[in-house]
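Let me begin by presenting the structure, written as structure tokens, before commenting on it.
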Amino acid sequence: MKEGWTLVIRPRKRLLDLDLKGLWRYRDLWLMYVRRDIVTVYKQTVLGPLWFLIQPVFTTAMYMFVFGGLAGISTDGAPQPLFYLSGIMMWNYFSECFGVSSNVFTNNAGVFGKVYFPRLVVPLAGLTSNLVKMLIQLMLFVAVYIGYLIAGQELSVNATLLLFPFYVFLLAFHGLSWGLIVSSVTSKYRDIRFLVSFGMQLFMYATPVIYPMSVASGKVKAILELNPLTPVFEAFKYGCLGCGSFSWGGLLYSTVFMLVVLFISVLIFNRTERTFMDTV
Amino acid sequence: MNAIEFDNIGKLYQLGTVGTGTLSHDLNRWWQTKVLGHEDPYLKVGETNDRASKGTSGFVWALKDISFNVAEGEVVGIIGKNGAGKSTLLKLLSRVTAPTTGEIRARGRIASLLEVGTGFNGEMTGRENIFMNGSIMGMTRAEIRSKLDDIVDFAGVARYLDTPVKRYSSGMTVRLGFAVAAFLEPEILVVDEVLAVGDAEFQKKAIGKMQDVSRGEGRTVLFVSHNMSAVRSLCTRGILLENGSVGYIGTTEDAIARYMQKSEDNQHVRIVDHVRWSKSYLRIDNIVVNGTDKDKSEIIRGQRILDFRLDGYAHSNCKTDLIVILRNSFDVPLASLYSGKYNGAPIIIKEGSFSIVRKVLLPKYIARGEYVMDIILKDPLAEYHMGARHSVFLTVEGNCDDNCHPIDQGSYGFMGLELVADES
């Protein structure tokens, strides 16, 4: 057989063929997708990017009323707005990373059906554009935080807060890898979609978003600790609000968990990517 | 040197809905192939892909045993009727979906125009979409920036560049999409029916661009189309696909001729069934041409008279011309009957049943070959009453004197000129 073919198309790829080189070559496309996500969201809106802030503000107010007020769930001494805002900010980022990844095939069937490019570009761009959104919400959080400091509230900050970028990374890739598995399965079996949409809502309550881990005990606590997102949420609150807890073991568990799921998801994604157009 | 090699390519599709039974099929397939090590049970049952006849299995080979090579710089036209597997073939090449069997080898960057304007977002402006679309096609931002002026110029949308694409007319969107793709400069270009849209000026531009791409710049083009004249003018080689396998590979002319032949063989219908439209006040019941109401007939040697008879019912009085256009198998008009144009005397149709009976004198030396005929009724001043395009397929044996050879349409045209008698 002659040499020099730049492209060979075969029925089945090797199990793990990530095509990182191709991914790198398409970095401009990644940038374009990020840009598109951010620019198109607030086209023809009056408030524009302010909408990124309005949602967490109102949600926080609602949580303060329902969980803090009516239900009287403790925030472990931290001011309620800061406590809820931090939880909402992180949870939103995770769930949106999960969302873009899990819909990657169904939402992009039109484009995927016509042109080839490394499909991973799309979910990766989703992580990035949501990161921008999250950073805007982070600024809100910081503003409220400074406001509390000026008002004389005592808030303990410690060195573990330096790990914040790592927490964000963990949230993003948890969302990505779970989402990719779901996307691959839903491209053929649509049932999963319904399961996932309310499963996500339930899962929020299994994560210390609106409550601190300190209110859980015994069996409930053991179960909540199995959730790989728990250590991340707890560690962030520990770093800036002084409530919650920090454990290297927990973070290690979360990281390993993420890497395993990521590996599996990429395997499945690679397989699906080849023929999903026939089944979607 | 070959730019692309298709080696025994096959693509299996499941018919019907994907859903019920999918999971059990998947489990069964997994059990048979992975655990027991048998051959894939669903690969064997596939039948060739004939859309019209009902098969027995739920799986079908959209493509089977496709093997051919495309040399560098060649422009290959892929033709075939709907469902023959043309688009599937291009989809495999552009890696939108993977083949079930076989291997495709290619040299250089492949860009597909399966449909132009891929990834256009209505909310974004023309400029933003050029960048978006270009990056989807694999260009870098620097590349796009350097070609931006050319692209805008080619698309002719300079004025709307910063307007959201959702405000564009559909033609403008297509222009923009094609323009981006045209400046992609890939080694292999895959085009599927893009020329069907856009106005005449743009089509000309687009075809010209494709010619430049293939001739001047020596790139390889795969072109799928139903537009035979575009295929003929662009392609250096033709591939005819039939039911998922290669029916013919050879010169463009031969491939087209075979395709036209095939599409005629498939139908034995009445001429009147070809009536595409007629006005509500007119009902056409039967059309007889050359002594038969079937759409295929033969003009034998020596025959000079071609007879027409249209029977129908009119709900009101009207005037009409009978127009008959004779075309060759490439759809080029060769001759016509348009009696009203000659003498301005239309046919009067009175309310009630009517019959139009006419006889046409054929040229003495009519060329042998295949012909297609349009039959049209048109008011001398205004509208069309009835139209039946491509409604009669005539095989002409070729007229000539005794002991002679009929002339051939391909080299000598539609009819032979006659000598004035006794000139010498």
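Please treat every number below as a calculation from the coordinates, not as lab data. From a predicted model like this one, the values you see are computed outputs, not experimental measurements. Neighbour counts run over all protein chains shown; Cβ positions are idealised from the backbone, glycine included.
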Which far-off residues, 5 or more places away or on another chain, put their amide H under 5 Å from the one on residue B:108, with H placed in the peptide plane? A:6, A:7
So, R0 is 60 Å and r is the distance between the beta-carbons of residue A:222 and residue B:270; what FRET efficiency does that work out to, to 0.05? 0.15
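Compute the length gained on full extension between residue B:357 and residue B:232: take 0.36 nm times their separation in residues and subtract their Cα-Cα distance, giving the result in nm to one decimal.
Net length gain for the segment: 41.2 nm.
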Rank A:231, A:208, A:11 by mean-square fluctuation in a GNM of chain A with C-alpha springs under 10 angstrom and give only the top-ranked residue. A:11
About the Cα centre, charge dipole magnitude for chain A (Lys/Arg +1, Asp/Glu -1 at Cβ), debye: 1140
Which residue, chosen from A:231, A:149, A:212, occupies the Cα position most advanced towards the positive end of the dipole of segment A:20-274, where the dipole is computed from +1 (Lys, Arg) and -1 (Asp, Glu) charges on Cβ about the Cα centre? A:231
With all pairs of different alpha carbon atoms counted, what Kirkwood hydrodynamic radius in Å does segment A:55-197 show? 17.2
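Kirkwood Rh, Cα Rg: Rg to Rh for the protein assembly as shown?
Rounded to two decimals, Rg over Rh is 1.11.
What does the C-alpha gyration tensor say about the overall shape of chain A? Classify as rounded when a/c is under 1.5, otherwise prolate if a/b is larger than b/c, or oblate.
In terms of gyration-tensor shape, prolate.
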Classified through the alpha carbon gyration tensor (a ≥ b ≥ c as square roots of its eigenvalues; rounded if a/c is under 1.5, else prolate when a/b is larger than b/c, else oblate), segment B:66-264 comes out prolate
Can you give the relative contact order of segment B:66-264 as a percent, counting alpha carbon pairs under 8 Å and 6+ residues apart? 35
Yeah, segment B:271-416 with a ≥ b ≥ c from its alpha-carbon gyration tensor (a/c under 1.5 is rounded, else prolate when a/b outruns b/c, oblate otherwise) is prolate
State, to one decimal in nm, how far the label point of residue B:338 lies from the label point of residue A:158, with both points 7 Å from Cα in the Cβ direction. 9.4
List the lysines whose alpha-carbon lies under 23 Å from that of residue A:221, not counting same-chain residues fewer than 8 positions away? A:237
Roughly how many debye, to the nearest 20, is the charge dipole of the protein assembly as shown about its Cα centre, given +1 on each Lys and Arg Cβ, -1 on each Asp and Glu Cβ, and no other charges? 1240
Each residue of segment B:319-329 in turn: what ³J(HN,Hα) in whole Hz from Karplus with 6.51, -1.76, 1.60 and θ = phi - 60°, glycine and Pro shown as x? 10, 8, 9, 9, 10, 10, 10, 9, 10, 8, 6
Choice from A:237, A:221, A:114 showing the highest fluctuation, given a GNM over chain A with Cα pairs closer than 10 Å: A:114
